[in-house]
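Scroll down for the structure; my scribbles are underneath it.
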Amino acid sequence: VKVLTNTALSLDGHLAPADGPPVAIGSQTDRRYMSVLRARADAVLVGGSTFRAWPVPLVPRARALANLRAEGFFDVEHPPIEGRTWWNVVVSRTLDVPKSGRFYEDPRVKPLFFSPSSAPMPAEVERGEVDVPRLLERLAARGVETLLVEGGGGLLRAFFEADVVDEMYVTVCPMVLGGPTAMVGGRGFRFEEARRMTLVHANAFGDEIYCRWRRCS
Ligand SMILES: NC(=O)c1ccc[n+]([C@@H]2O[C@H](COP(=O)([O-])OP(=O)(O)OC[C@H]3O[C@@H](n4cnc5c(N)ncnc54)[C@H](OP(=O)(O)O)[C@@H]3O)[C@@H](O)[C@H]2O)c1
């Protein structure tokens, strides 16, 4: 499975403000661009905390795609979206997550949870300790070829620790947030272990910089 990550980062490398309600730190353009990246994937994954903050269908929106094109954005190509469905994958230890709502009702969404919890859910659950290589095997068995990991930090850390990230899309947002919300966090990698990437593109649009990095082979 090809693994892409998409994150909006502050100038100082943070995902979110330390306090306060959940907020998307990217611009409306950045949120529209999420639709392009989702259209390029067949599964979109988030962690339990991100799902609790935004328990919504993780699918491309036709209007966002059209608005992005109208804005003159530089990277708008994507496969057709009509008639497609997307695995929407949520990783949670507790399964203490919303159990009703649009996420479960949208015909484009195939909800799938990975969790060691035995809590009942209104959707399919792959039970057991969550381990990234096994999760990728289970998704491959369901026909997933491209997985888009949208965060948050807990999940990004697990994917970088497993060293399976093929491409990173990073939107650099014009603010400094400080605090403990570093994109990957954890104990960090030694210099020799650093996950190294090569730049595919970096384009300024509005006050943001949109970067795409590919894993060094
Ligand atoms: N800037 C961006 O692009 C962006 C994108 C997404 C999110 N965010 C921000 O990131 C923050 C959330 O990040 P986060 O790091 O707190 O949360 P997260 O990565 O969304 O979720 C962490 C949760 O994932 C589950 N989890 C993680 N590892 C697991 C494992 N090995 N096995 C089973 N479950 C596992 C647990 O869920 P349970 O608690 O359900 O057990 C854990 O609490 C929010 O502030 C959000 O706004 C920013």
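Assorted remarks:
- A helix-only calculation puts the chain at -6500 deg cm²/dmol for mean residue ellipticity at 222 nm, using -39500 (n - 2.57) for each DSSP H run of at least four residues, averaged over all residues.
- Amide proton proximity set for Lys110, modelled H, under 5 Å, gap of 5+: Trp86, Trp87, Asn88
- Each Lys and Arg Cβ is given +1 and each Asp and Glu Cβ -1; about its Cα centre, the chain then shows a dipole of about 320 debye.
- Computed FRET value (nearest 0.05) for Arg190 with Arg142, which takes r as the C-beta separation and R₀ as 35 Å: 0.50
- Heavy-atom accessible surface of the stretch 5-55: percent carbon and sulfur, 1.4 Å: 54 percent
- A simple rule links phi to the HN-Hα coupling: the Karplus curve 6.51 cos²θ - 1.76 cosθ + 1.60 with θ = phi - 60°, which for the stretch 11-26 gives 4, 9, x, 9, 8, 6, x, 5, 10, x, x, x, 8, 7, 7, x Hz, with x for Gly and Pro.
- Whole-Hz ³J(HN,Hα) from phi, Karplus 6.51 cos²θ - 1.76 cosθ + 1.60, for the stretch 190-196, glycine and proline x: 5, 3, 5, 8, 3, 6, 9
- Looking at the chain, the accessible area is 49 square angstrom per residue; that uses a 1.4 Å probe and ignores ligands, DNA and RNA.
- Gaussian network model of the chain, springs between alpha carbon atoms under 10 Å - residue of Val149, Val76, Val165 with greatest fluctuation: Val76
- Normalised contact order of the chain, rounded percent, pairs of Cα under 8 Å and 6 or more residues apart: 31 percent
- Relative to the globular-protein estimate of 2.2 N^0.38 Å, the Cα radius of gyration of the stretch 95-182 stands at 1.28.
- Cut-off under 5 Å, modelled amide H: who pairs with Val149 long-range: Leu4, Thr5, Asn6, Leu45
- Alpha-carbon centroids, the stretch 103-141 and the stretch 19-80: separation in whole Å: 21 Å
- All C-alpha to C-alpha distances of the stretch 16-144, sorted into 5 Å bins beginning at zero, yield P(r) values of 2, 10, 18, 20, 19, 16, 10, 4, 1, 0 percent in whole numbers.
- Coordinate range of the alpha-carbon atoms in the chain per principal axis, descending: 45, 44, 39 Å.
- Oblate is the label for the stretch 107-151, because the ratio a/c of its alpha-carbon gyration tensor axes (a ≥ b ≥ c) is 1.5 or higher and a/b is not greater than b/c.
- Among Gly188, Gly83, Gly26: highest mean-square fluctuation, GNM of the chain, C-alpha pairs under 10 Å: Gly83
- The slack in the chain from Lys2 to Arg215, taken as 0.36 nm per residue of separation less the alpha-carbon distance, amounts to 75.6 nm.
- Scalar couplings 3J(HN,Hα) for the stretch 156-171, obtained by applying the Karplus form with A = 6.51, B = -1.76, C = 1.60 to θ = phi - 60°, are 4, 4, 4, 6, 6, 4, 6, 6, 10, 7, 8, 9, 10, 9, 10, 9 Hz; x denotes Gly and Pro.
- Coil-residue chymotrypsin sites (Phe, Trp or Tyr not before Pro) of the stretch 15-97, DSSP, other Cβ within 10 Å capped at 14: Phe74
The values are calculated or read from the model by the stated rules, or taken from the named source; none is laboratory data. In this text, all values refer to a predicted model and were calculated from it rather than measured experimentally. Using ideal geometry, Cβ is built from the backbone for each residue, glycine included, and neighbour counts are taken over all protein chains shown. Ligands, DNA and RNA are stripped out before the accessible areas are found, and what is left, the full protein with its side chains, is counted by its heavy atoms. Shrake-Rupley method; radii C 1.70, N 1.55, O 1.52, S 1.80 Å.
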